[in-house]
1. With a 10 Å radius around each residue's Cβ, average the other Cβ atoms per peptide and rank A:29-36, A:178-185, highest first.
2. What relative contact order, as a whole-number percentage, does the stretch A:48-192 give when Cα pairs under 8 Å and 6 or more residues apart are counted?
3. Once amide H atoms are built 1.01 Å from N in the peptide plane, which residues 5 or more positions from B:Arg101, or in another chain, come under 5 Å H to H?
4. Using a 10 Å cut-off around each Cβ of peptide A:171-179, what is the average number of partner chain Cβ atoms that fall inside?
5. Given the rule -39500 (n - 2.57) for each run of at least 4 DSSP H residues, summed and divided by the residues of the protein assembly as shown, what is its mean residue ellipticity at 222 nm, to the nearest 500 deg cm²/dmol?
6. Quick one: net charge of A:Lys2's neighbours, Cβ under 12 Å, K/R +1, D/E -1?
7. What is the percent carbon and sulfur in the accessible area of the protein assembly as shown, measuring with a 1.4 Å probe over the protein chains and ignoring ligands?
8. Is there a pair in B:Lys61/B:Lys126; A:Lys159/B:Lys2; A:Lys84/A:Lys159; A:Lys61/B:Lys159; A:Lys39/B:Lys23; B:Lys2/B:Lys84 whose C-alpha atoms are over 21 Å apart, and which pairs would that be?
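The values are calculated or read from the model by the stated rules, or taken from the named source; none is laboratory data. Fair warning: this is a prediction, and the values are worked out from it, not measured in the lab. As a convention, Cβ positions derive from the backbone with ideal geometry for all residues, glycine included, and neighbour counts pool all protein chains shown. The protein model used for the area step is the full one, side chains on, heavy atoms only, and it has no ligands, DNA or RNA in it. Shrake-Rupley method; radii C 1.70, N 1.55, O 1.52, S 1.80 Å.
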There are 2 protein chains.
Amino acid sequence: MKVAIETIAAVGYSQASVGQISKRAGISKGVFTYHFASKDELMDQIVREVYEAGFRFMQQKVEGQTTPVGMLTAYIESNLAFIKEHRDYIVALAEIVTNARTPEGKLRFAGQADDTILEPLIEIFKWGEETGEFRTFTERAARVTASAIRSAIDSVATKLVAQPDLDIPGFSEELVSLFLTAVCKPKASTAATREKGEG
Amino acid sequence: MKVAIETIAAVGYSQASVGQISKRAGISKGVFTYHFASKDELMDQIVREVYEAGFRFMQQKVEGQTTPVGMLTAYIESNLAFIKEHRDYIVALAEIVTNARTPEGKLRFAGQADDTILEPLIEIFKWGEETGEFRTFTERAARVTASAIRSAIDSVATKLVAQPDLDIPGFSEELVSLFLTAVCKPKASTAATREKGEG
DNA sequence: CTTGATTTAGTACGATCGTACAAATATATA
DNA sequence: TATATATTTGTACGATCGTACTAAATCAAG
């Protein structure tokens, strides 16, 4: 699985054949067939593992937060930190999700890419509304804002392919600043109320 | 080319073989070979044509603007309007750009996906700084903000695949509001100074 | 050392890919 | 009509894909 992830990240989904993966792993194709019922099964396992690992990592960082601002910040920062530390895994995940298809031509992981992923962010917005730290959101505004945040984060995975030396912490810092400006009430300098772990 | 675009949008890049495209077009594979030197040539032409068409459409809408706020609004709205009216073209473009690879496994259109595309947005930010409508940007902040805007726009193409009934005008409206809030000076209600074409 | 199960290597199969090409047909020009 | 060009068809080729399968190698236990 590790070699498969590296291979997909390096040459893309379509070029990552069972033969290629096996060759890079130093095994024969027969070994692959023995341990995985099919290529799709391998992809399923990779997607599940990477996704769950990311979810656990973020949950750990986000759960401890006591303010909406802190939680939104932790959400963005922990997500990008995970991407930074698991570059190949994220690139491979993106490759698989956007390319793996059913025999009929439909995306195999399209269902999981729907708006369910936006819910945690929307919850944070609602919390921020209640505490008064954030401005008010219509249902649609919350959804689009959450979508924009996720798009910005996900774009890093794509950027990393062509731009391996991308300054992720810097990007992260700016993204947090940008979206806090967008969701916070314009009263005081709310962005400075949270201690920043720069040391 | 039209059928090729529809085919790619429908079944994805990898499933859009020369045979499939030809069959859908009601011609033989030989006709394809006669008119295109290779499959890659077809992809090149599609990418160039769609990209240039979008660029012309947006340029037309953006150039007439006389304020930074108006221009940023026109940028987002015209881009999403183009996506809305050329759904298949955009989906196909995204498929090709993210999938077409060289024999060595590198993305064939990776070079064009670099940060050059951010420049027009960065120029708008600079203009807004000068007029005082926008807050000030560090070089990095401008780049990340531009990147976030582009990611949000580009995500619509991906969303359209799984969600064909997406409310693009509504999404557009919210995106404009979101990013104007993020880049404008928090003084007055700047978002209302521009007449909105809702009639 | 023997035996049985587990794991691996190597190969073969059918399918599909992009491309090449000879033959057939359509079109335009004189 | 005769001729040259443009276009189309249908088929074939080599390559590669995912998978199936047999034989060999390795390992665990008696």
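1. Sorting A:29-36, A:178-185 by mean packing, highest first, produces A:178-185, A:29-36.
2. 29 percent
3. B:Arg108
4. Working: counts 5, 1, 3, 10, 5, 1, 5, 9, 3.
The mean count of partner-chain Cβ atoms within 10 Å per residue comes to 5.
5. -22000 deg cm²/dmol
6. Taking every Cβ under 12 Å from that of A:Lys2, the sum is -2.
7. 53 percent
8. A:Lys159/B:Lys2; A:Lys61/B:Lys159; A:Lys39/B:Lys23
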